[in-house]
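Remarks on the structure that follows.
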């Protein structure tokens, strides 16, 4: 038995690493456009409101896909859905690299959103399926750390390319397209972890379904998810313009570094809190979100870029640990056959919280200006995070 067990264990570990690598690279692709937005805005002449619209339509496409095909891998298997998602993602990167109009940028982001909607729930479910047997709970840790690390890497790499290369957009997104094409083939190497089952057509009806066993934990976690992802939306949609226009830091590397700092701090905080309970992690997250976002607004009022960066670190701790606490709470509650559905519901809530505030910010920008919109957005996050923390403190269950 030991002769066959060791190769199988190595195969599962290799599959686990491959899936997590795919998740990190997908999120790197999600963050990579952010530093390019001010450059494209200057080149193509679109408004700040249009810029947030380009951001928000990506989240809308993710939501539409999660509501319809988010649990497709529970019925078709993980591998075919992953392969299709990475092929679509490669096409979106190629489109973004050559887009020369707002319409072309919108098309690229819609395509990327559809691909990401397919991949988010499926990659997260596949990583949970392939979790090493001798490391129980590791999937929840890495499903939280990996996306945040990917966001940080994507934003920082894109900012570096913008500062150093003559044609950075084609190089960055051409390379990502090739990587995603390779991943579309590589995901067929690990063994399938989710058997085919009937009900695919019924599952395509737009809906959000939380398996009964997970509903109590999901309800407890929802306010923290909303606060955390709304914070991510603030920095990914308005982070680069804030750095450029309100602090006067015109370096694309500096603009990308803010997103990298937020996400990278979040990833590190998740890893450092891996031995804490879900309740402890979530409470740290909501407190850090409220304090960090309030400090961000204070830094804007004082005009201190150094203090702004320090506040981003604190907000990043909250951004990461809010999501990690939720993953720790809900992941153990469902079976393999329900994981795609559960994570589709989680990411539906996440991206609704991520995209809707950004869309509202885009509507408010012509009326309130960048500074006023940022203050309003930030104040809403402070209130939401503080409320989420208070609600969780009244909950005695982990």
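Listed values, structure above:
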| read-out | value |
| --- | --- |
| Selected residue [in a loop (DSSP other than H, G, I, E, B) and either more than 30 Å from residue 336 (Cβ to Cβ) or modelled with pLDDT under 85 (or both)] from 248, 239, 233 | 248 |
| Candidate set from segment 342-381 (those that are touching a residue at least 24 places away in the same chain (Cβ under 8 Å) and surrounded by fewer than 19 Cβ atoms within 10 Å (Cβ to Cβ)); member that is farthest from residue 331 (Cα to Cα) | 366 |
| Checklist (1) crowded, with 24+ Cβ neighbours inside 10 Å; (2) at pLDDT 90 or above applied to residue 84, failing item | (1) |
| Those residues of segment 166-210 which are modelled with pLDDT of 90 or more, over 21 Å from the mean Cα position of the chain (by Cα) and not in a helix (DSSP H, G or I), in sequence order | 188, 189 |
| Matching option when the condition is surrounded by fewer than 20 Cβ atoms within 10 Å (Cβ to Cβ), touching a residue at least 40 places away in the same chain (Cβ under 8 Å) and touching a helix residue (DSSP H, G or I) at 6+ places or on another chain (Cβ under 7 Å), among 331, 336 | 336 |
| Pairs, first in contact (Cβ under 8 Å) with a residue 40 or more places away in the chain and at negative phi in segment 27-40, second crowded, with 24+ Cβ neighbours inside 10 Å and in a loop (DSSP other than H, G, I, E, B), C-beta under 9 Å, six or more apart | 40/33 |
| Any hit, segment 142-161, residues being in contact (Cβ under 8 Å) with a residue 24 or more places away in the chain, surrounded by 24 or more Cβ atoms within 10 Å (Cβ to Cβ) and either outside any helix (DSSP H, G or I) or more than 19 Å from the chain's Cα centre (by Cα) (or both) | no |
| Residue that is surrounded by the fewest Cβ atoms within 10 Å (Cβ to Cβ), among those in segment 41-68 that are at negative phi and part of a loop (DSSP other than H, G, I, E, B) | 47 |
| Among the candidates 108, 115, residue that is under 16 Å from residue 343 (Cα atoms), crowded, with 19+ Cβ neighbours inside 10 Å and at pLDDT 90 or above | 115 |
| Residue that is surrounded by the fewest Cβ atoms within 10 Å (Cβ to Cβ) [pool: residues in segment 382-398 that are touching a residue at least 60 places away in the same chain (Cβ under 8 Å) and part of a loop (DSSP other than H, G, I, E, B)] | 397 |
| Test: residue in segment 268-275 that is assigned to a helix (DSSP H, G or I), surrounded by fewer than 18 Cβ atoms within 10 Å (Cβ to Cβ) and free of Cβ contacts under 8 Å to residues at least 12 places away in the same chain | yes |
| Selected residue [touching a helix residue (DSSP H, G or I) at 6+ places or on another chain (Cβ under 9 Å), assigned to a helix (DSSP H, G or I) and surrounded by 24 or more Cβ atoms within 10 Å (Cβ to Cβ)] from 294, 254, 315, 310 | 315 |
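The values are calculated or read from the model by the stated rules, or taken from the named source; none is laboratory data. Keep in mind the model is a prediction, meaning the values are calculated, not measured. When we count neighbours, we look across all protein chains shown, and the Cβ atoms used for this are built from the backbone with ideal geometry, even at glycine.
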